[in-house]
1. Do you know which of the residues in the stretch 133-158 that are among the polar types (S, T, N, Q) and assigned to a strand (DSSP E or B) is modelled with the lowest pLDDT?
2. Here is a check on your reading of the model: is Arg130 assigned to a helix (DSSP H, G or I), of a type in the set (Lys, Arg), modelled with pLDDT under 85 and surrounded by 14 or more Cβ atoms within 10 Å (Cβ to Cβ)?
3. Within the stretch 270-320, track down each residue that is within 30 Å of Leu136 (Cα to Cα) and among the basic types (Lys, Arg).
4. For the stretch 321-355, name all the residues that are over 27 Å from the mean Cα position of the chain (by Cα), free of Cβ contacts under 8 Å to residues at least 24 places away in the same chain and closer than 19 Å to Leu306 by Cα.
5. Within the stretch 14-108, considering only helices (runs of 4 or more DSSP H) that don't extend past its boundaries, which have at least 2 residues that are touching a residue at least 40 places away in the same chain (Cβ under 8 Å) and touching a Pro at 6+ places or on another chain (Cβ under 8 Å)?
6. Restricting the search to the stretch 333-362, which residues are surrounded by fewer than 18 Cβ atoms within 10 Å (Cβ to Cβ) and not basic (Lys, Arg)?
7. Restrict the check to the stretch 223-231 and report whether at least one residue is at pLDDT below 65, surrounded by fewer than 16 Cβ atoms within 10 Å (Cβ to Cβ), in a helix (DSSP H, G or I) and outside the structural domain of Arg298 (by TED's automatic domain parsing).
Amino acid sequence: MPIVTQGLIALNLAVYLTGLIAQTVDLFDLEKLTDVLHFDPQQFRWWQLLTSMFMHDPQSIWHLAFNMLFLWVFGAPVEDRLGRIGFLAFYLGGGVVACLGHSMASPTPVIGASGAIAAVTGAFLALFPRSHIIVLFLLGFGTFAVSSLWFIGLYFLVDVLRHAGSLLGVRSNVAYMAHIAGYLYGFGVAFILLGTGIIKHEEYDVFFLFTQARRRAAFRAANRVQAVGMWESAAADTGDRLAKRNKAAAPLSAEEARHSEMRAQINQLASVNDLAGAAAKYRELLRQAPDTVFTEQRQLDLANQLYAQNDHAHAAAAYELLLERYPTCARAAQVRLILGVMYTRQLNHPARAKEVIQAAKPSLHEPNQTKLAEELLAELHR
């Protein structure tokens, strides 16, 4: 549950509605209060670095609406990776950096959460560059998936170009430099946290992209007609050796080819966020090849989808395969707890239920999860 993200959205809405009511019934002088709480680079007051990010123009709902939409979409997964306290500190820090960035480019006062939310978006780009974002296409009332790398990159480029335009005299009431500072802060902090190991690497983060790029470069080098450099060593997979190995490899049987095609279809469906279709295809594959397992995140997504569809038997099989292949995965404790729920309440496997719950308990830190584990163990002892 992204409590901090939800709390920030609620606080922004509360401040906006308070200003709206005050303006309507003349409860207090909103203009004077704004002068105290907005960030003014020419009259620096330290508290304004924080208060300004919770204020929005009561004359228009759209600035607040788009900010909160972006915070909801990108904040929840970033909060999940940073933790609640870490995310709150990161968010407030992003707002401060955005204000300071704006002060270096413009002397005008500024309000709004855009800079802090740009920081969250930048962190999302570092943590989940291989993910896809579902975008609503208003003209056709449909949706389509777009790579987060392109989506966020486009927004960053637009802000840079518009800031350049403002330097050339194009008038705007948008603090583009605050956005740019937020993006750079968010991406930089997340990159450092990943690089230092404070946040554990996952297959969707920016470092995985670097790893894949190196692998592709090595593969291209290995397939050159003539080996060069390090590939000249006796142990290297040069183009000749790879060709001989491929030639010697036994061809796939009809069954293996069919399973391989199904795996490709599942990956394709999941890549466009059709998890329902991917789960249906995986259910079919598990019946034919019960040991089939995907990459850690893909396997977790498929298992979660099967669980959400109340297909407990196949969900349990998918979760068990995940634990077998990736016993130290980041969400191993939560996966064991979910297995405990299914084995206790749906599948009637008390011995396995007790085993996975007791294995999960030492790694559960959320009070509600610990309480659930105790409740399940109590049910098993009745």
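1. By that ranking, first place goes to Thr143.
2. No; evaluated as a whole, the condition is false for this residue.
3. Of everything in the stretch 270-320, those that are within 30 Å of Leu136 (Cα to Cα) and among the basic types (Lys, Arg) turn out to be Lys281, Arg283, Arg298.
4. Across the stretch 321-355, the qualifying residues are Asn348, His349.
5. 62-82, 84-105
6. Those that are surrounded by fewer than 18 Cβ atoms within 10 Å (Cβ to Cβ) and not basic (Lys, Arg): Gln334, Gln346, Leu347, Asn348, His349, Pro350, Ala351, Glu355, Gln358, Ala359, Pro362.
7. Among the residues of the stretch 223-231, at least one is at pLDDT below 65, surrounded by fewer than 16 Cβ atoms within 10 Å (Cβ to Cβ), in a helix (DSSP H, G or I) and outside the structural domain of Arg298 (by TED's automatic domain parsing), which makes the answer yes.
The values are calculated or read from the model by the stated rules, or taken from the named source; none is laboratory data. Small disclaimer: the values here were computed from a predicted structure and weren't measured. Cβ coordinates were reconstructed from backbone atoms using ideal geometry, including for glycine residues, and neighbour counts include every protein chain displayed.
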